[in-house]
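S.K.: Sharing a structure here in structure tokens format.
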Amino acid sequence: MVKNLKIKMTLSFVFIIVLFMFLGVFNVHAESVKITLSQADFNEAKANPDVATAKGVWYHVNGSEYLYILGRNTDYIIDGEINLDDGAGEIELTNNNIILNNATITGGIKTESSTNNTLNGSGTVSGYVRQYGGSLTVNGTIVFNKLFTSENANTTIINGGTFCDGFMARRNTDVTINNATINTGASMSNAIQVDDYSTIVINNATVTANNVALASDEAGNVTIKGGTFTGGTAGLFVTNGTCKVSGGTFKTTGTSNIWGKNGAIAIRNTMSFDDLLADGYKYSAATDYSDTTQGTNVNFRFLNAREISVATQYAVMFNTDGGSAVANQTVTGGEKVTRPTLDPTKDGYAFDDWYADDTYSTKFDFANTTITTDTIIYAKFIQKTTNNNENNNTNENNTTTDNNENTNSTSTIDTTNNNTNNSNDTNNTEKATEKNSNNPKTGDNIAIWIGLMLVSMLGVAETIKFIKKRK
């Protein structure tokens, strides 16, 4: 009896395992449980300080400073309004994923060192945000009313949000700002301050400051790829470290100055404005002037412009098909190329016009075409006609023969066009092959399916044996 029971249990287990495999149950991951925090949870923790619960612990640091330490490795949802001792308290993150649902936190946020945390959603944080060590990612539309500080070898990624009191990166911090609105407040006169060998990459941001929109000092490393930077003194002020700019617009409102001077961009005299530009980029037209004040160690230069942009430079080449050379041009992205003053010449041919392609199907529109990539403009020539008067017969005396009327009335299409088409066909074939190679192949999981078949066959065989014994 016991033996039969074991057999039944074994067969049942095998059948369930096989069924689960076929249904793909093992590929489904359960969603992590999220804990909802409310004001009542904070009040309860405050009434029982230093007593850990599933939702956290209220800890008195010193004086009037309090921390509400969240449970480690836990996801939280915060709804409504949370008052942390009238703003004197802070929430400490310890490997947490926090979602704000239009929440208002009266108090600050602090991260424990060497922990990885995320802030998501929408809402307002009234207190300071202090990130010490580890990593922090900010997503959504959260409004931070006080200074946001990232320091001590952190990794900070900002994908959204409004920073009303500035952003500071210092002490070997690595920051990437993909999208944000950053303004000055009471804490700093600059909107973004980069110090102490910290690195910041700004892909897009709207930055406004009373003094300087972005200031880099003490060997800070700055990369700006886009955004708008407006300051009372300057949009960008680099006094030390490195800076590479490949996009963005920099402005000064002229409401603030350094020793009576302001400009779109400011640097130390030991630097060059061109040193700030990444390869292939240039400023819109501007002039600069020097200002020597307060001794030899504090010399600054300003771009004498209220607004200046940085854009990609593109090469525009003129292909004259063996004719006289025409100088190539370098054009700022979004601007137009200038039509050459003199048309090219070619022996035995007459110049027709400039074309946008090497098949001469479309004339190049200098008046309306803006340059957004490296461009080649093609000169088209038409072969001149010749008269054949060798036959002096009366009927042929005044006849003009065009020796190559059909073949030479237009310029010969370069065979490189066919090579280009062949190259494109080859590239398309390679891309299709590459795409198909990423698709699952029939034999990829052959070992798994063989194993499943063997297990299934074993289960069937054992079932048949059991039925026979029962008979």
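S.K.: With among the hydroxyl-bearing types (Ser, Thr, Tyr) and either modelled with pLDDT of 95 or more or buried (at least 20 other Cβ atoms within 10 Å of the Cβ) (or both) as the only criterion, which of 115, 104 stands out?
M.R.: None of the other options fit; the residue is 104.
S.K.: All but one of (1) surrounded by fewer than 16 Cβ atoms within 10 Å (Cβ to Cβ); (2) assigned to a strand (DSSP E or B); (3) among the polar types (S, T, N, Q) hold for residue 204; state the number of the condition that does not hold.
M.R.: (2)
S.K.: Under the condition of being in a loop (DSSP other than H, G, I, E, B) and in the same structural domain as residue 268 (by TED's automatic domain parsing), which residue from the range 296-351 is farthest from the chain's Cα centre (by Cα)?
M.R.: The selected residue is 296.
S.K.: Filter the range 240-249 down to the residues that are touching a residue at least 40 places away in the same chain (Cβ under 8 Å) and more than 21 Å from the chain's Cα centre (by Cα) and list them by number.
M.R.: Correct list: 241 only.
S.K.: Between 230, 155, 199, which is farther than 23 Å from residue 260 by Cβ, β-branched (Val, Ile, Thr) and without any contact (Cβ under 8 Å) to a residue 24 or more places away in the chain?
M.R.: Working: 230 fails: farther than 23 Å from residue 260 by Cβ; 199 fails: without any contact (Cβ under 8 Å) to a residue 24 or more places away in the chain.
155 is the lone residue from the list that is farther than 23 Å from residue 260 by Cβ, β-branched (Val, Ile, Thr) and without any contact (Cβ under 8 Å) to a residue 24 or more places away in the chain.
S.K.: Next up: Which ones in the range 76-85 are assigned to a loop (DSSP other than H, G, I, E, B), on the phi > 0 side of the Ramachandran plot and in contact with a Ser or Thr (Cβ under 7 Å, 6 or more places away or on another chain)?
M.R.: none
S.K.: Of the residues 100, 70, which is free of Cβ contacts under 8 Å to residues at least 60 places away in the same chain, in the same structural domain as residue 156 (by TED's automatic domain parsing), closer than 24 Å to residue 175 by Cβ and out of contact with any Lys or Arg (no Cβ under 8 Å at 6 or more places or on another chain)?
M.R.: None of the other options fit; the residue is 100.
S.K.: Let me ask something else. Go through the range 316-347 and give me each residue that's small (Gly, Ala, Ser), within 18 Å of residue 382 (Cβ to Cβ) and surrounded by 13 or more Cβ atoms within 10 Å (Cβ to Cβ).
M.R.: Selection gives 323, 324.
Residue by residue, here is whether (1) touching a Gly at 6+ places or on another chain (Cβ under 6 Å); (2) of a type in the set (Phe, Trp, Tyr); (3) in a loop (DSSP other than H, G, I, E, B) holds:
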position	(1), (2), (3)
156	no, no, no
160	yes, no, yes
176	no, no, no
179	yes, no, yes
215	no, no, no
226	yes, no, yes
229	yes, yes, no
244	no, no, no
250	yes, yes, no
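S.K.: In addition: Scan 85, 79 and give me the residue that is charged (D, E, K, R), over 25 Å from residue 155 (Cβ atoms) and free of Cβ contacts under 8 Å to residues at least 40 places away in the same chain.
M.R.: Working: 79 fails: free of Cβ contacts under 8 Å to residues at least 40 places away in the same chain.
Among 85, 79, only 85 is charged (D, E, K, R), over 25 Å from residue 155 (Cβ atoms) and free of Cβ contacts under 8 Å to residues at least 40 places away in the same chain.
Table: residues versus (1) loosely packed, with under 15 Cβ neighbours inside 10 Å; (2) modelled with pLDDT of 75 or more; (3) in contact with a strand residue (DSSP E or B) (Cβ under 7 Å, 6 or more places away or on another chain); (4) not in a loop (DSSP other than H, G, I, E, B).
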| position | (1), (2), (3), (4) |
| --- | --- |
| 31 | yes, no, no, no |
| 40 | yes, yes, no, yes |
| 43 | yes, yes, no, yes |
| 49 | yes, yes, yes, no |
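The values are calculated or read from the model by the stated rules, or taken from the named source; none is laboratory data. All figures in this text were calculated on a predicted structure; none of them were measured in a lab. Positions of Cβ are backbone-derived with ideal geometry, glycine not excepted, and every protein chain shown enters the neighbour counts.
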